[in-house]
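Notes for the one structure printed next.
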Amino acid sequence: MELDFLATVLLSSLSSASILLIATIGLAVVFGLMGVINLAHGEFLMIGAYTALTVTQAGVPYILSIPIAVAVTMVIGAIVELLIINRLYGRLFDTMLATWGLSIVFYQLAVLIFGTVTPGIGMPQFSIAVGEYSLAGYPLLMIGVAAAMLIFVYLLMTKSVYGMKARASIQVPHMAQAIGIESSRTNMLTFSVGCGLAGFAGAVLLPIVPATPSMGFAFVIKAFLTVVVAGPVTLTGSAITALGLGGGASVTASFMTSVVGDVFFFVITALLLWLYPMGISAKWRRKL
Amino acid sequence: MKKHLTTSMIAVAAALSAQAALAEIKIGAIFDLTGGLNIYGIQQDNALDLAVESINAGGGVLGEQVEVVSYDSQSELSKYTQYANTSVLRDGISAMFAGLTSSSREAIRPIFRRANIPYFYSSLYEGGACDRQTFVTGSSASQQLQPLVEWAVEEYGPRVYIMAPDYNFGTISAHWINEYAEANGGEVVGEDFLALTVTDYAPTIQKIQQSRPDFVVALPVGANQTGFLEQFAAAGLKDSIGVVSSNYGSGNQQVVVSPEAGEGLIASQGYFMQVDNPANAEFVEMWTAKYGNDTPIVSGAVDVWNAVHVWAAAVEEAGSADPEAVITALESGITFDAPNGTVTMEPGSHHLRQNIYIARGDDRHGFEIVETFEDVAPTYENEMCDLLASPNLAEHFTPESN
Amino acid sequence: MSISENLYKHAGLVFPAGAVVLALVFAGQIDPYLAFVATSWVIFGLLGLSLDVVWGRGGLLSLGQTAFYGLGGYFGSVVAINLAPATGNSLIWALPAGAAFGALAAAALGYVIFFARMGPLQSTILSYTFTLLLWSVTQTFKLDVGEASIGGDNGMSNIPGIVLGFGEDAEPLGPNAAFAAAIVIAALLYFFTRWLMRGTFGRIVDCIRIDAEKTELLGYDVRKYQLLNFAYSGALAGLAGALFGLWANYLNPSIFSVQEALLVPIYVLVGGLGTLSGAFLGALAIGALSFFLGGGAVGGQTTLILGGVLILLVLFLQNGILGGLGNLWRKSLSDPNEAARNAGAVKIDSTVLGEILQDAAKDAGPAKNMGTDEAFKQFGGVIPVNKVTQTFTPGKPYSLIGPNGAGKSSFLKTCVGMYKPEGGTVTLGHDDITHAPIFDRVRKGMGVKNQKPQVFGELTVADNLWTAAFARTHDTDKAEEVAAKILSMLGLEGQSGVQASALSHGQQQWLDIGMVLCLAPRVVLLDEPAAGMTNEETRELSSLVRTLAKHTTVVVVEHDMEFVRTLEGHVTVLHQGEVFAEGDIETLRADDRVLDIYLGRSEHV
């Protein structure tokens, strides 16, 4: 096998894994800090994508549409937390069912509002040559974006006042309450941040994945599995799982077929859950 | 509610006992007006309404007005069977126009076969559906691919790469591409079958570069897969490798992809809005008058338009809307002057002989037609399926199973 | 008992039976098209029932029910296509084949979930993955089996209808008769499931949902029951799928889709989780809703409405229609838990207790020793059990004491099997039980009472004791006998019909101890049994423990030094995971080193 082909495969697999990680981080934050699995995560991604698309069509430069998408999804996330999640705190499966219903509602609303055909914004036309191979540049850029997101979330959780409060309320809830941290406020912010991260993902991935009402489904299944396999240490766990599962599936797809790549993903997931019934990070000592 | 039930019971009774004693002629329609497939379904339904309107305005068939009973299958398969049964058990229709995906067709075909009601399927598809009640007005895979592969081998060179979705449409199309490539002196240098959920095309694009083809036959389905075209263009491969497709454009994908990615793509279809003939000019005018010109008309819409007119011609010829008589009339070689040129219903295979157009995408989300293959026969279906000789066939022929 | 109370007790029998009769009467009358559609509601009700069995009763939210449904449908239909034309009747082929295949698939998935002891979230997500994997695999799966042809996304057609008659030219039933047939099939399955769930099997499944750990501490192999229950729900789903195949005459991978999977929990929630009959009511309500909304502007939004309905249900109507009605009705009845308030203080008669323990020794053999050899347990850098070697024998109670974090509870958990030791061995009698699962240790004679009272709150006091006794005796009558004895020893006869959750904290502790005694344990481990008890109760407990120690080996982990003193037994002091000192309480009280670690004085800390 030629070296340049191998390099190409590695590079693009890394970018696939990064795309999966970008789509997963928001989910991981909400699950890690609130113990809530948000099954409507994919639809927040979709809302982010549509927001960016609509704003871009209205003449705003694409790069500026990303913060707008984040803001919109954060607001919707806060409202959802206030109306639904808040009332189901500590009831994991009820939350899952309610957010599942929510995902269907969002999906159908998107069909109603946007229809099923919407122009894409096109992928920036630049490419990178590796030996005889040529790779689209934008997907490779996602490696950097994923790394930046990880660093951002890490800093947010460890250096900001909000992050410390959020971690305190999940780790020692009564203590946090005793020293005056309002856990309901922190939770609302956490959920909102998680949704904002989903919105960011939708917007930043828009050139790769065109906005459609059903785009959420394609992404979130793998994102859920990533978070669940990762286990309680969500941030580090998810990063490692996304890299292993997403990258592995992409390498498999390069040498075999995309269907085998998908099967690889699901089979390894089942295997990991068999070996680590509570997630791979269940026995780790770090907490983030 | 009670009144509603009583009337519908009478309707059922009438339908079951007499079936032909019609005050007016009722036809049924089931299309996806909502849900993920409504880009096709709405246009199909619009075309049906427009066709019925034009027939009724011209005095109807046999002097009777045609009434449409329309259902929205919501892009869900279970709704197709439900409404197909409704239309048979309750509405007493004399012909059915329905379906987009192959699975929707296969789901309801047995229902109309049992009820002996002509069923028109109007969408491009993988080919091979064969029974006495089913009539297909879309083009089959072999019908579209034969001219396309012939043209592309001549234009780009002999090395072919196939990128197809991993389900019936994709695998059967791949079979025909192999066969026609060989027949035209080409060779298939690589194939990649993609799961429907794929959003990551990097592996495929690497494999394409590794195989060094002259052109790629790309058969993406679903809006997600236009991502492939974007990424292919962004990788800068479009200048050295041609991209042709037999279904690009069938759902107005040219509107979704960016002009950079769409320019120069080759598509083959039974109809493009740009077709230049008087029937099409008239059709487009009627269409835009009623529905506006926001979205280009897709081939599936014209397939429905043709289906309704072919059916109407058969009713006229039979002198009755009685399903059995109409089926017999449909097997007499009915022709119709359609927007996509003159079309003929093949008596044996129940498929439509029609023109196949090859078009090139421009940089304004549109197409220009580069070549017309006239009067292309559904060769494979004609060969496998002769319902005149064996009217009891109820098959779905696929080339692998021979 | 009033008529209303009687009716309430048998509501699950009377109302469904009435509904079946009513539906059968209507089946002959209604519009054939409505009958045709309503048949599918009955089938969906069956599918909902399968989820209620595994979720409402078993406690696992399975999103894999449509997978078993689809697999059962495909397999049942393949069998029916090939065999039914020759014999006529399609039900005798499709239904058993579908049920068997559904059960098999569920058992395979259940084996992975339960025997790996996955967490609830992991289980749910894995079942969902299973469904989605099938959805994507069946898109391309093509296979010809005899006359049947599975055609990937094109699906499988030519499935025979619902045929009852025998012989080659038997005709499929018309819509009305098929509706009636579906009702009869669903009714049979519902009544069978209800019988199963009210019997011993259902009782244990209920216990696992309420408290899986306690169920295992009674000696039940929880995994086996969970697997069986899951397989049964798979059989129900598979059978429903086969019936669906016959009804639709056509199957396609969309049966595995997310949209299909979404509907099943909705049916169950609308009707009422855990009620069994609720699933049918839910399917009827949702089916009728989308039927009468029909197509058109409103009907096109069925999915939107269903999504909204699911959110509202979860938020406001947790118990569904039947659960809500049941609650209203119960309020009008006399409160069965009233007796809980009249319970007096517990007085243990040592003579009665002695007799019970002698009986137990006759059944279960002599008391056993328990020992650990260099037992070692580590969590990251913390070592709560550091090479502890101890032997416990019958005669006098053993107490484990030590300051907070000394490793008392961890040591006990290592003996019980809740913690797997990294080194050393644990023995019970002559058996090495270091790697034995918890239920196996219990069957070998270990009885465990944890710090918090572990009782099955939804079950009555008598049923709690019976379930414990049955775990040992495996005999309904004998279990009844044992439970009655313990009940009278505890003096809770007046409260036998009361739900355990209605008892006071102290009473729950006694009930829990009673359940342990039902097991006739040869070694009894008690973790802080006196916590939360009144002085009077503590005195009774002390006398009970001393009597117990005469017949069995008893180990008590305790904080309360006064209580330990009254036990007059052997005392071991643990410190930082190691044995620090041993002896009787008076000697240890005089030991300065022990006082140092208790008071946190520096020398030995």
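The values are calculated or read from the model by the stated rules, or taken from the named source; none is laboratory data. Just so we're clear, the structure is a prediction, and the values are computed from it rather than from any experiment. Virtual Cβ from ideal backbone geometry, glycine too; neighbours counted across all protein chains shown.
Descriptive notes on the structure:
- Scope the range C:348-358; condition in contact (Cβ under 8 Å) with a residue 60 or more places away in the chain and either surrounded by fewer than 16 Cβ atoms within 10 Å (Cβ to Cβ) or in a helix (DSSP H, G or I) (or both); matching residues: C:Asp349, C:Ser350, C:Val352, C:Leu353, C:Gly354, C:Ile356, C:Leu357, C:Gln358
- In summary, strands (runs of 3 or more DSSP E) completely within the range B:302-402 and bearing 1 or more residues that are under 20 Å from B:Glu126 (Cα atoms) and acidic (Asp, Glu) occur at B:367-376, B:394-396.
- Residue that is nearest to A:Thr56 (Cα to Cα) [pool: residues in the range A:110-147 that are of a type in the set (Ser, Thr, Tyr) and in contact with a strand residue (DSSP E or B) (Cβ under 8 Å, 6 or more places away or on another chain)]: A:Ser127
- Residue check for B:Ala318: within 23 Å of B:Glu64 (Cα to Cα) and modelled with pLDDT under 95: yes
- Residues in the range A:12-60 that are closer than 19 Å to A:Ile240 by Cβ, in contact with a Pro (Cβ under 9 Å, 6 or more places away or on another chain) and of a type in the set (A, V, I, L, M): 1 in all.
- Verdict on B:Ala267 being small (Gly, Ala, Ser), in contact with a Lys or Arg (Cβ under 9 Å, 6 or more places away or on another chain) and buried (at least 20 other Cβ atoms within 10 Å of the Cβ): yes
- Test for C:Val222: is it of a type outside the set (D, E, K, R), under 24 Å from the mean Cα position of the chain (by Cα), within 22 Å of A:Phe93 (Cα to Cα) and in the same structural domain as C:Ala67 (by TED's automatic domain parsing): yes
- Residues that are among the small types (Gly, Ala, Ser) and more than 7 Å from chain A (Cβ to nearest Cβ) within the range B:192-218 comprise B:Ser211, B:Ala218, listed in sequence order.
- Residue ID - surrounded by the fewest Cβ atoms within 10 Å (Cβ to Cβ), chosen from residues in the range C:255-271 that are touching a residue at least 60 places away in the same chain (Cβ under 8 Å), assigned to a helix (DSSP H, G or I) and facing another protein chain (nearest Cβ under 9 Å): C:Val258
- Flag if A:Ala230 is more than 14 Å from chain B (Cβ to nearest Cβ) and out of contact with any Leu (no Cβ under 7 Å at 6 or more places or on another chain): yes
Residue-wise test of (1) buried (at least 22 other Cβ atoms within 10 Å of the Cβ); (2) assigned by TED's automatic domain parsing to the domain that holds C:Lys449; (3) modelled with pLDDT under 90; (4) not in a strand (DSSP E or B).
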| residue | (1), (2), (3), (4) |
| --- | --- |
| C:Glu537 | no, yes, yes, yes |
| C:Lys550 | no, yes, yes, yes |
| C:Val555 | yes, yes, no, no |
| C:Val573 | yes, yes, yes, no |
| C:Glu582 | no, yes, yes, no |
| C:Leu595 | no, yes, yes, yes |
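- Within the range B:130-159, if we keep just the residues that are among the hydrophobic types (A, V, I, L, M, F, W, C) and under 21 Å from B:Tyr180 (Cβ atoms), the residue that is surrounded by the fewest Cβ atoms within 10 Å (Cβ to Cβ) turns out to be B:Trp151.
For (1) at pLDDT 95 or above; (2) crowded, with 24+ Cβ neighbours inside 10 Å; (3) within 14 Å of another protein chain (Cβ to nearest Cβ), each residue gets a yes or a no:
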| residue | (1), (2), (3) |
| --- | --- |
| B:Asn224 | no, no, yes |
| B:Ala235 | no, yes, yes |
| B:Lys238 | no, no, yes |
| B:Lys290 | no, no, no |
| B:Thr295 | no, no, yes |
| B:Trp311 | yes, yes, no |
| B:Glu324 | no, no, no |
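- Filter result for A:Leu150 (surrounded by 15 or more Cβ atoms within 10 Å (Cβ to Cβ), out of contact with any strand residue (DSSP E or B) (no Cβ under 8 Å at 6 or more places or on another chain) and more than 7 Å from every other protein chain (Cβ to nearest Cβ)): yes
- Leading residue by the ranking (nearest to the other protein chains (Cβ to nearest Cβ)) among those in the range B:57-71 that are surrounded by 15 or more Cβ atoms within 10 Å (Cβ to Cβ) and not acidic (Asp, Glu): B:Tyr71
- Listed by position, the helices (runs of 4 or more DSSP H) inside the range C:437-523 whose residues that are surrounded by fewer than 23 Cβ atoms within 10 Å (Cβ to Cβ) and free of Cβ contacts under 8 Å to residues at least 40 places away in the same chain number at least 3 are C:476-490.
- Single residue of C:Ala237, C:Ala283 found to be assigned to a helix (DSSP H, G or I), touching a Leu at 6+ places or on another chain (Cβ under 7 Å) and modelled with pLDDT of 85 or more: C:Ala237
- Those residues of the range B:76-97 which are more than 13 Å from chain C (Cβ to nearest Cβ) and outside any loop (DSSP other than H, G, I, E, B), in sequence order: B:Ala95, B:Met96, B:Phe97
- Some residue of the range C:38-57 being buried (at least 22 other Cβ atoms within 10 Å of the Cβ), in contact with a strand residue (DSSP E or B) (Cβ under 7 Å, 6 or more places away or on another chain) and in a helix (DSSP H, G or I): no
- Selection of the range A:78-123 for residues being hydroxyl-bearing (Ser, Thr, Tyr), within 14 Å of chain B (Cβ to nearest Cβ) and part of a loop (DSSP other than H, G, I, E, B) yields A:Thr116, A:Thr118.
- Cβ-Cβ distances below 7 Å connect the following pairs, each with a first residue in the range A:226-242 that is touching a residue at least 40 places away in the same chain (Cβ under 8 Å) and crowded, with 24+ Cβ neighbours inside 10 Å, a second residue that is hydrophobic (A, V, I, L, M, F, W, C) and not in a helix (DSSP H, G or I), and a separation of six or more residues or different chains: A:Val229/A:Ile280; A:Ala230/A:Ile280; A:Gly231/A:Met278; A:Gly231/A:Ile280; A:Gly231/A:Ala282; A:Gly237/A:Ile280.
- When the criteria are applied in full, C:Phe201 meets the requirement of being part of a helix (DSSP H, G or I), under 13 Å from the mean Cα position of the chain (by Cα) and not aliphatic (A, V, I, L, M).
- Restricting attention to the range C:535-547 and to residues that are in contact (Cβ under 8 Å) with a residue 60 or more places away in the chain and among the hydroxyl-bearing types (Ser, Thr, Tyr), the residue that is farthest from C:Ala471 (Cα to Cα) turns out to be C:Ser543.
- Lone unmet requirement of (1) more than 9 Å from every other protein chain (Cβ to nearest Cβ); (2) surrounded by 24 or more Cβ atoms within 10 Å (Cβ to Cβ); (3) assigned to a helix (DSSP H, G or I) for C:Leu276: (3)
- Among (1) of a type outside the set (Lys, Arg); (2) surrounded by fewer than 21 Cβ atoms within 10 Å (Cβ to Cβ); (3) modelled with pLDDT of 95 or more, the one test that B:Val304 misses: (2)
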